[in-house]
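Visitor: Below you'll find the structure I mean.
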Amino acid sequence: METCGMSGTVAFIGLGNMGLPMAVNLVKAGFDVMGYDSAGQMRAAAAEAGVRLADSQAGAVAGRDIVVAMLPNGAIVRTVMAEVALSARPGAVVIDCSTIDVESARWMHEHLSVHGYMPVDAPVSGGTKGARDGTLTFMCGGTEEAIALARPVLSTMGKRLVHCGPAASGQAAKICNNMILGVSMIAVGEAFNLADGLGLDRQAMFDVVSTSSGSCWSINQYCPVPGVGPDSPADHQYRPGFAAALMLKDLGLSQDAAQAAGVATPLGRHAKKLYENFISQGGGDRDFSAIIEALCTMRRE
Ligand code: NAD
């Protein structure tokens, strides 16, 4: 078992679908964890799962060496981090694992650094299964020193850590990756629909593409048609997995970042529109790979 770089006390803020299993893995590894979530039912679920809870966020972070946050969006992260800067002990390492906009991540680094903390942005890939299994990948931004101190906690919750660069680099890597994922899932869905239209057997399509130049994670590991390729949400009526609403959130973050940076991302922009349409038709809670069905019903222009 690895022990924490300092005395090993951790506060965990945001015990939802991702945060709770991550916190549970820290508890199982022997870290002294104090959790907090603003929702009563999440606190009840966390207590049942064996996570010790504080009555308030300030109570959770007070005196802790490391603060981990796993929250829905940048606005909430800003609010939570403003309070962390009032109540955590000076010098604490503060790790935000949420997927948020690059601007909010930069703000977090500046705000916490000014107040004497050691911030790390560390968004994840691997989803709820990776969170449960402790196999997440962390994409980290921050100083070498802060990341070295965060490493024992992160390597308990995940199997891979990439130090992407300075403040907010982890968020930048995360939204670039998920823009590729959104675009490639649409491309794979379109190709299967075309294959169907041409009378090509789906298994033959998979066997060729998954070993040819069209291969990518969206077909090889997460094939969007049932009964073909490894087990995926398509084999379970498109239960998420990774919900389409979260994909739209990430495509929105990449479009905001592209606009702020003055970079053209035409496929990313179009992917966002297609997911908006899919969600307006009620697809938000389905796995993002279910977009293949919406593509199938679109009329050819
Ligand atoms: P979730 O909604 O299940 O959990 C978020 C938790 O934060 C909730 O329990 C909520 O009550 C709590 N919360 C909200 N405001 C709070 C506050 N002010 N103080 C304390 N707690 C507060 O979401 P999730 O699926 O766990 O996702 C969390 C983050 O991880 C998001 O940024 C998401 O984009 C990212 N992410 C999710 C997945 C996934 O598959 N679910 C994968 C990768 C990344």
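Visitor: Using the number of other C-beta atoms within 10 angstrom as an exposure proxy, rank SER169, SER155 with the fewest first.
Guide: Fewest to most other Cβ atoms nearby, the residues stand as SER155, SER169.
Visitor: Calculate the translational D of region 1-125 in whole µm² s⁻¹ from Stokes-Einstein, where the hydrodynamic radius comes from the Kirkwood formula applied to all Cα pairs, the temperature is 25 °C and the viscosity 0.890 mPa s.
Guide: The calculation lands on 173 µm²/s.
Visitor: Exposure proxy check: MET179, MET118, MET22 ranked by fewest other beta carbons within 10 Å?
Guide: In increasing order of surrounding Cβ atoms, one gets MET118, MET179, MET22.
Visitor: Here is a follow-up. Kindly give the semi-axes, whole Å and largest first, of the ellipsoid equivalent to region 172-297, taking each as the square root of 5 times a Cα gyration tensor eigenvalue.
Guide: In descending order the semi-axes read 25, 16, 13 Å.
Visitor: Another question, then. Given only helices, namely DSSP H runs of n ≥ 4 each adding -39500 (n - 2.57), what is the per-residue ellipticity at 222 nm of the chain, to the nearest 500 deg cm²/dmol?
Guide: Estimated from H runs of four or more residues: -15500 deg cm²/dmol.
Visitor: Positive end of the dipole of region 9-167, charges at C-beta (+1 Lys, Arg; -1 Asp, Glu), about the Cα centre: which of GLY16, PRO90, ILE147 has its Cα farthest in that direction?
Guide: Checking the options against the dipole of region 9-167, the answer is GLY16.
Visitor: How big is the chain by Rg and Dmax over its Cα atoms, in Å?
Guide: Calculated on Cα positions, Rg and Dmax stand at 20.3, 65 Å.
Visitor: Sort THR79, THR265, THR99, THR143 so that the residue with the fewest other Cβ atoms within 10 Å of its own Cβ comes first and the one with the most comes last.
Guide: Ordered from fewest to most neighbouring Cβ atoms within 10 Å, THR79, THR265, THR99, THR143 come out as THR79, THR143, THR265, THR99.
Visitor: When the gyration tensor of region 157-223 is built from Cα positions, what are the square roots of 5 times its three eigenvalues, in whole Å, from largest to smallest?
Guide: 32, 13, 8
Visitor: Same structure again: Where the centre of each part is set by its Cα atoms, how far does region 1-70 sit from region 198-233, in angstrom?
Guide: 39
Coordinate-derived values only; no laboratory data. It should be emphasised that the depicted structure is a prediction, and the values quoted were computed from it without experimental measurement. Here the Cβ is made from the backbone with ideal geometry for all residues, glycine too, and neighbour counts use every protein chain on show.
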